[in-house]
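Working notes, beginning with the structure itself.
Throughout, read-outs are computed from the coordinates displayed, never taken from laboratory work. The structure displayed is predicted, hence computed values, not measured ones. Note that each Cβ is placed from the backbone with ideal geometry, even for glycine, and that neighbours are counted across all protein chains shown.
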């Protein structure tokens, strides 16, 4: 089975940096996704980490530690449009297996 | 635009009724996934199909069923609808395989309201 934990809500200030954590316990692990979801809209892909370490993509970076079952998403230079839910999702080992999503972290960016 | 289409966009119906939601995956994607998202809730995985066959099942009620057709589009059937079935229903598709190929592309969703 798979268990994924994320904080429910976070608030951060425009222009600041915020880190959204995700911990997971899985019976098999291949990699970890981060998705962004604005209210009422479909989730959109942000990143996918397979190896330990930090991957940077513009203002967004994602970190993975496989041994600790831990990941975080780092958002820099926050903008109001970054207000959204951020979903952590685990991809299990083996083919054709379903990805399991966490319940998401609702981020509110305030002026 | 993810390339995944879902119809209808909105659906309003009454308790006890039956509805069908339709999904067309991205060109070339063989896997289709269905999710339910109630208000302020996470994505609840319902069911996955791969090339016409059921691959994985999540928390799908017995009143719900799905299928994937030879042209790879999929339908989710919801019957004996209850007020609690009101939610956003997302379809996603992916290229089969592991790793990044497991990335799911989501459709815009169907918002179901049961009155």
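Using a 10 angstrom cutoff on alpha carbons, build the Gaussian network for chain A and name the most mobile of A:89, A:39, A:12. Sorting by GNM fluctuation, first place goes to A:39. Please find, in a Gaussian network model of chain A (springs between Cα atoms separated by less than 10 Å), the residue of A:73, A:54, A:64 whose mean-square fluctuation is greatest. Comparing A:73, A:54, A:64 in a Gaussian network model of chain A, the most mobile one is A:54. Each residue in A:107, B:11 was given a count of other beta-carbon atoms within 10 angstrom of its own, and listing them fewest first yields B:11, A:107. When the P(r) is computed for the protein assembly as shown, the part past 27 Å accounts for 33% of the Cα-Cα pairs. Extension gain, residue B:75-residue B:12: 0.36 nm per intervening residue step, less the Cα-Cα distance, totals 20.9 nm.
In this label model, residue B:67 and residue A:3 are separated by 3.9 nm, measuring between points 7 Å along each Cα→Cβ vector. Subtracting the Cα-Cα distance of residue B:38 and residue B:95 from their residue separation scaled by 0.36 nm leaves 17.9 nm. GNM remark for chain A: springs join alpha carbons under 10 Å apart, and the peak mean-square fluctuation among A:29, A:45, A:60 falls on A:45.
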